[in-house]
Amino acid sequence: MNNIIKKYIPQILAILFVVLIFGFLTLNAQTNMDNRGIDFGFGFLSQESSFDVQFSLIEYSGSDSYARAFLVGLLNTLLVSFISIIFCTILGVIIGVARLSSNYLIKNSAAWYVEFFRNIPLLLQIFFWYYAALRALPMPEKANAWFGVTYMTVKGYYIPAMVWENLNVFLYCALAAIISIIVLRNYANKLRDTQGKQIPVLLYSVALLIVLPLLSFLFGGVSLGFEIPELKKLSKISYIYEGGISLPPELIALVLALSLYTSTFVAECVRAGIEGVSKGQKEAAASVGLTPNQVLKLVIMPQALRIIIPPTTNQYLNLTKNSSLAAAIAYPDLVLVFAGTALMQTGKAIEIVSITMLTYLTISLTIAAIMNWYNKKIEIKEK
Amino acid sequence: MFKIIKQLTSVVAMFAVLFAFSTETMAAKKSKTLENTKKRGFVRCGVSQGLPGFSNADESGNWTGIDVDVCRAVAAATLGDATKVKFTPLSAKERFTALTSGEIDILSRNTTWTLSRDADIGLTFVGVNFYDGQGFMVRKGSGIASTSEFKNGTSVCTNLGTTTELNMRDFFDSKGISYEPVVFEKADEVVAAYDAGRCDTYTTDKSGLAAQRTKLSAPDDHVVLPETISKEPLGPVVRQGDSVWEDIVRWSLNTMIEAEEYGVNSSNADMMKTSNNPAIKRLVGAEGELGAAFGLDNDWNLRIIKQVGNYGESYKRNIADTGILPDRGPNELWTKGGILYVPPAR
């Protein structure tokens, strides 16, 4: 009896303490809001937002609801995080491997890169890329065409838009290609395990990926056209491109700053991972007759990845959270649109800030869950 | 067992203390703000992050502007010294939260009085110290002379969290023009982006445009279009729920405007004590007991006029002489063709 009391009473008290603290804070906020005549509630989400947003992945106008404005901000946050994560991973792996190079120049340039971009505050880098780029880029009418049809200007990067016909047929073909590649891989693995035969899976996969969609163009009635941006006059001295897709300079500056900054941390994770695999592994693999490529693919990388992934996940989470600095350069992310304009127009500070916090928490936990799943998949299976 | 009971009682005692404290803070009403201000020894005032003419700090950190003068007037009335103000620079986005959370006691930051702000978010507007309206600034070379010449695809730079964002949507929607809003949190960032050519036009309150134009690299290459697309009555704001404090701020502002109306200024205020006009005598505290209603002494309004000056002096010092808006326009007294009109102090 005495033992049970000793075991549970402190825990119950601790829980009670936490609950009471939260209760007190809520009550306090409630009373103060009542005193000042502020209502609490989420009804505002269905009201008309009556403000416009610069850049949106979905249809949006001022007559849509605050809930939709939230979605616009969320998608913009996800977009910039997604693109930046891809770029920072590619760049990070290259730099990380370069730091291990035996070439003096490559090794040291990579080290300088890491030290330079890692040690300048991110907000400053964002400002630098935004204002430096704005000052350096040409006005639309003076822009030279890149690749013939794209224009980099102070008002954004204009690229041709794709105009599809029978897009669904094309997508079905692409899907069929992916499914057949998975089937092929499984078959190839089985063949290797049972009969010891190897077939060039990669070559077949690439062929499938090219041939099937190509067939859809030839026989499925799929066609692809391009809408090319064209210069339009707004006033005597001001021009803009119309048609095509415009990537605002805010997005480009943000992706640039986030990728360059985070890639330094990813590079360090990659370097640590590769250096973490003991030399003996490589030598042992070589001595059983694996080719250098196979050594890397079958022996080094699987072990290195186990060291690389957990800290890299942290960097992805940091990047996503850092994307909220977008508000400083007018990129309409969740913080700018929802925790900025919407908060100001409704005055629902507690509601909007809690929704925003929960959203970032959900995004971070989702990324962590995906990376944990991947980590589980590649970790040592002890039998 | 005895030990556990002892622990339990201490936890309970701790909560008792916490809640006793909380009920005490909640029961407090009746110009708690004035009491706290006197105890603290300075007025806590929220201002802009730098808008010449309204609230702007010089190199040595001295704040000037007509919004700043409202806070100084309140300090003169309540504490007897117009310099006893602590200014907190706030972005448009932060300003209301700073006020409702109790970080500041007056928000005097070129803030537009609207229904939803007054009624919805726990604020009370006490008056208008500047009648403004939203306008557009463009490059002179563009040849645009009127807002009707804007075309589809015009990019517009402006500030986050202002009525400006809503007005420009109303404006462009009603004209059926598509536009690209580029919205920054700080005014300096808007100026930098517009200056770099990111936007074709810069929109905010006209007084703001006139003030920010001075920060551009070549101010003379830019022009403010004649149209005004909205009503922007700017004025000081207080928290809802302290009506005495609300009255103090309201009548501090009104005193400045009424003083101009009766020709009382910082240099002649003392002499006006012997004036024949009872209205003037009331205004300089020589007749009546006006301060008693707020729990202030009888010289509160005299101190405002002596230390800060009347509205006309404040306008001249901050806005006219700095070349921002030499013409007072609607911000002239009602007796001189403007719309400044305040209830009588009696």
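The values are calculated or read from the model by the stated rules, or taken from the named source; none is laboratory data. Quick caveat: nothing in here was measured; it's all calculated off a predicted structure. Here Cβ is always computed from backbone atoms with ideal geometry, including for glycine, and neighbour counts include all displayed protein chains.
If you go through region A:332-362 one residue at a time, how many are among the aliphatic types (A, V, I, L, M) and over 25 Å from A:ASP52 (Cβ atoms)?
Here the count works out to 4.
Kindly indicate which of A:PHE51, A:PHE22, A:PHE17, A:PHE55 is touching a helix residue (DSSP H, G or I) at 6+ places or on another chain (Cβ under 6 Å) and not hydroxyl-bearing (Ser, Thr, Tyr).
None of the others qualify; the one that does is A:PHE51.
Which one of B:GLU260, B:GLU180 is of a type in the set (D, E, K, R) and either surrounded by fewer than 17 Cβ atoms within 10 Å (Cβ to Cβ) or away from every other protein chain (no Cβ under 11 Å) (or both)?
None of the other options fit; the residue is B:GLU260.
Assuming B:ARG239 fulfils every condition listed in (1) modelled with pLDDT of 90 or more; (2) not assigned by TED's automatic domain parsing to the domain that holds B:ASN56 apart from one, which condition is it?
Evaluating B:ARG239 over (1) modelled with pLDDT of 90 or more; (2) not assigned by TED's automatic domain parsing to the domain that holds B:ASN56 leaves (2) as the failure.
Could you go through region A:302-312 and let me know if any residue there is without any contact (Cβ under 8 Å) to a residue 60 or more places away in the chain and either closer than 26 Å to A:SER56 by Cα or within 14 Å of chain B (Cβ to nearest Cβ) (or both).
No, every residue in region A:302-312 fails to be without any contact (Cβ under 8 Å) to a residue 60 or more places away in the chain and either closer than 26 Å to A:SER56 by Cα or within 14 Å of chain B (Cβ to nearest Cβ) (or both).
Against the conditions (1) more than 8 Å from chain A (Cβ to nearest Cβ); (2) crowded, with 20+ Cβ neighbours inside 10 Å; (3) within 25 Å of the chain's Cα centre (by Cα); (4) part of a helix (DSSP H, G or I), where does B:THR158 fall short? Just the number, please.
Only one criterion in (1) more than 8 Å from chain A (Cβ to nearest Cβ); (2) crowded, with 20+ Cβ neighbours inside 10 Å; (3) within 25 Å of the chain's Cα centre (by Cα); (4) part of a helix (DSSP H, G or I) is unmet by B:THR158, namely (4).
Within region A:41-54, track down each residue that is in a helix (DSSP H, G or I) and either of a type in the set (Gly, Ala, Ser) or without any contact (Cβ under 8 Å) to a residue 40 or more places away in the chain (or both).
A:GLY43, A:LEU45, A:SER46, listed by residue number.
Has region A:302-320 got at least one residue that is modelled with pLDDT of 90 or more and part of a loop (DSSP other than H, G, I, E, B)?
Checked region A:302-320: no residue is modelled with pLDDT of 90 or more and part of a loop (DSSP other than H, G, I, E, B).
Spot the failing condition for B:PRO219; the list is (1) away from every other protein chain (no Cβ under 14 Å); (2) surrounded by fewer than 24 Cβ atoms within 10 Å (Cβ to Cβ); (3) touching a residue at least 60 places away in the same chain (Cβ under 8 Å), and only one is missed.
(3)
Give me the pairs, please: first residue somewhere in region A:347-368 and within 14 Å of A:THR320 (Cα to Cα), second residue anywhere and of a type in the set (Phe, Trp, Tyr), beta-carbon distance under 7 Å, and either six or more positions apart or on two chains.
So the pair list comes out as A:THR356/A:PHE338; A:ILE367/A:TYR316.
Considering only residues of region A:338-347 that are within 9 Å of chain B (Cβ to nearest Cβ) and assigned to a helix (DSSP H, G or I), which is surrounded by the fewest Cβ atoms within 10 Å (Cβ to Cβ)?
Here the residue is A:THR346.
Of all residues in region B:109-154, which are polar (S, T, N, Q) and either more than 14 Å from the chain's Cα centre (by Cα) or within 12 Å of another protein chain (Cβ to nearest Cβ) (or both)?
B:THR111, B:THR112, B:THR114, B:SER116, B:THR124, B:GLN134, B:SER142, B:SER146, B:THR147, B:SER148, B:ASN152, B:THR154
Can you confirm whether region A:149-159 contains a residue that is in a loop (DSSP other than H, G, I, E, B), surrounded by fewer than 17 Cβ atoms within 10 Å (Cβ to Cβ) and either modelled with pLDDT under 90 or in contact with a Leu (Cβ under 6 Å, 6 or more places away or on another chain) (or both)?
yes
List the pairs whose first member sits in region B:137-161 and is in the same structural domain as B:LEU225 (by TED's automatic domain parsing), whose second member is assigned to a strand (DSSP E or B) and of a type in the set (D, E, K, R), and whose Cβ atoms are under 6 Å apart, counting only residues at least 6 apart or on separate chains?
Pairs found: B:SER155/B:GLU180.
Check region B:176-195 and report whether any residue there is under 23 Å from A:TYR66 (Cβ atoms) and of a type in the set (Val, Ile, Thr).
The answer is yes, given that some residue of region B:176-195 is under 23 Å from A:TYR66 (Cβ atoms) and of a type in the set (Val, Ile, Thr).
This table checks each residue for (1) outside any loop (DSSP other than H, G, I, E, B); (2) over 29 Å from the mean Cα position of the chain (by Cα).
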{"position": "A:LEU27", "(1), (2)": "yes, yes"}
{"position": "A:GLN30", "(1), (2)": "yes, yes"}
{"position": "A:ASP39", "(1), (2)": "no, yes"}
{"position": "A:SER56", "(1), (2)": "no, no"}
{"position": "A:SER63", "(1), (2)": "no, yes"}
{"position": "A:ALA69", "(1), (2)": "yes, no"}
{"position": "A:LEU74", "(1), (2)": "yes, no"}
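Select, from A:LEU122, A:LEU134, A:LEU100, the only residue that is closer than 30 Å to A:GLY276 by Cα and surrounded by 15 or more Cβ atoms within 10 Å (Cβ to Cβ).
Unique residue meeting the criteria: A:LEU122.
In region B:310-346, which residues are free of Cβ contacts under 8 Å to residues at least 60 places away in the same chain and basic (Lys, Arg)?
Residues satisfying the conditions are B:LYS316, B:ARG328, B:LYS336.
Which one is modelled with the lowest pLDDT, of the residues in region A:321-337 that are buried (at least 24 other Cβ atoms within 10 Å of the Cβ) and more than 10 Å from chain B (Cβ to nearest Cβ)?
The extreme case among them is A:ALA326.
Among the residues of region B:194-216, how many are within 11 Å of chain A (Cβ to nearest Cβ) and of a type in the set (S, T, N, Q)?
Residues that pass the stated criteria total 1.
Run A:GLN198 past the list (1) surrounded by 14 or more Cβ atoms within 10 Å (Cβ to Cβ); (2) farther than 30 Å from A:GLY244 by Cα and report the number of the one that doesn't hold.
(1)
Please state which of the following conditions A:ILE15 fails to meet, knowing it meets all the rest: (1) more than 10 Å from chain B (Cβ to nearest Cβ); (2) assigned to a helix (DSSP H, G or I); (3) surrounded by 11 or more Cβ atoms within 10 Å (Cβ to Cβ).
All conditions pass for A:ILE15, except number (3).
Residues to consider are B:SER267, B:SER252, B:SER314; find the one that is farther than 17 Å from B:GLY53 by Cα and in a helix (DSSP H, G or I).
B:SER252
What tally of residues in region B:183-193 results from selecting those that are assigned to a helix (DSSP H, G or I), of a type outside the set (A, V, I, L, M, F, W, C) and facing chain A (nearest Cβ under 10 Å)?
The qualifying residues number 1.
Among (1) of a type in the set (Ser, Thr, Tyr); (2) under 22 Å from the mean Cα position of the chain (by Cα); (3) within 14 Å of another protein chain (Cβ to nearest Cβ); (4) not in a loop (DSSP other than H, G, I, E, B), there is one condition A:TYR131 misses while meeting the rest; what is its number?
Among (1) of a type in the set (Ser, Thr, Tyr); (2) under 22 Å from the mean Cα position of the chain (by Cα); (3) within 14 Å of another protein chain (Cβ to nearest Cβ); (4) not in a loop (DSSP other than H, G, I, E, B), A:TYR131 violates only (2).
Out of region A:292-320, which residues are under 30 Å from A:GLN54 (Cβ atoms), of a type in the set (S, T, N, Q) and crowded, with 19+ Cβ neighbours inside 10 Å?
Across region A:292-320, the qualifying residues are A:GLN315, A:THR320.
Given the conditions (1) at pLDDT 85 or above; (2) exposed (fewer than 13 other Cβ atoms within 10 Å of the Cβ); (3) in a loop (DSSP other than H, G, I, E, B), which single one is not true for B:LYS39?
Checking B:LYS39 against (1) at pLDDT 85 or above; (2) exposed (fewer than 13 other Cβ atoms within 10 Å of the Cβ); (3) in a loop (DSSP other than H, G, I, E, B), the one that fails is (3).
Identify the residue in region B:201-217 that is in contact with a helix residue (DSSP H, G or I) (Cβ under 7 Å, 6 or more places away or on another chain) and not in a helix (DSSP H, G or I) and, among all such residues, is modelled with the lowest pLDDT.
Taking the candidates together, the pick is B:LYS215.
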